């Protein structure tokens, strides 16, 4: 069985500047369809995009 927290801890040690997110109960196969709003928000923040419904100027 895959241990997401152990994998995340190892990634944090090996990639100290990386942002590591663990979404409880989700695996890499379910990310595109389960809890899409959370995944979208994390990805948009990472990409520097404004939240859905807002422009870069906040209008």
Pairs, first without any contact (Cβ under 8 Å) to a residue 60 or more places away in the chain in the stretch 2-13, second not in a helix (DSSP H, G or I), C-beta under 7 Å, six or more apart: 2/27; 4/22; 5/22; 8/20; 8/22; 11/18; 11/20; 12/20
Test: residue in the stretch 23-46 that is at pLDDT 85 or above, surrounded by 13 or more Cβ atoms within 10 Å (Cβ to Cβ) and not in a helix (DSSP H, G or I): yes
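The values are calculated or read from the model by the stated rules, or taken from the named source; none is laboratory data. Worth saying up front: this structure is predicted, and the values here are computed from it rather than measured. Don't worry about glycine lacking a Cβ; one is built from the backbone with ideal geometry, like all the others, and counts go over all protein chains shown.
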